[in-house]
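Okay, so here's the structure we're looking at.
Please treat every number below as a calculation from the coordinates, not as lab data. These numbers were taken from a predicted model, which means no experiment stands behind them. Cβ atoms come from the backbone with ideal geometry, glycine included; neighbour counts cover every protein chain shown.
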Amino acid sequence: MVDDRKMLETILEKVTDTGKRMSHMEAKFEGLETKVTGIEAKVEGLETKVTGIETKVKGLETKVEGMDITLAEVKEKADRIPDIERKTDVITKELVSVREDMTTVKGKTHEIEGEQTYQYTKWGEHDRRISKLERKIDVL
């Protein structure tokens, strides 16, 4: 009976040790669960940050697309610059030609005015001579 008792005590000790071990394992599992919960919370925080980053990236992509459109417009306008330069050169040449023509016309106008003055003077002299001749005829 003593042997049975010892055996029962030994079994009881082992069961108690196993219970302690189980309690210890449960505590470890609870610690692990706490860590896992903490990690899950961090992952959720990271997911939120990633979502925020994705939103920012989409915004940047939109801005880049806008810049691409603006850049395309600038390139298109830059491509038209040579045509505009050619047109400007043609207009400048025409303007120079018109200015030369205006200078020529002004010179001709001055010559014509001089000729008109000369002709008026001549006509005035002729009128005076005719008047003198008419008076002489009247006297005779």
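Taking a quarter of the surface of the convex hull around the Cα atoms of the range 1-81, what do you get in nm²? Intermediate results must be reported in sequence, preceding the final value.
Working: hull surface 30.1 nm².
Directional mean of the projected Cα hull area for the range 1-81 stands at 7.5 nm².
What list of ³J(HN,Hα) couplings, whole Hz, do you get for the range 106-121 from phi and the Karplus terms 6.51, -1.76, 1.60, once you set θ to phi - 60° and write x for glycine and proline?
4, x, 5, 4, 4, 4, 5, 4, x, 5, 4, 4, 4, 5, 4, 4
Running a GNM on the chain with Cα contacts under 10 Å, which residue among 83, 127, 68 ends up with the highest mean-square fluctuation?
127
Dipole of the chain, Cα-centred, from +1 at each Lys and Arg C-beta and -1 at each Asp and Glu C-beta, to the nearest 20 debye?
Working: 27 positive and 31 negative charges, 190 e Å.
About 920 debye.
Averaged over all directions, how much area does the convex hull of the C-alpha atoms of the range 37-114 cover when projected, in nm²? Don't jump to the answer; show the numbers that get you there.
Details: hull surface 32.9 nm².
Mean shadow area of the hull around the Cα atoms is 8.2 nm².
Over the range 1-135, what per residue volume does the convex hull of the Cα atoms give, in whole Å³?
Spread over its residues, the Cα hull of the range 1-135 gives 150 Å³ apiece.
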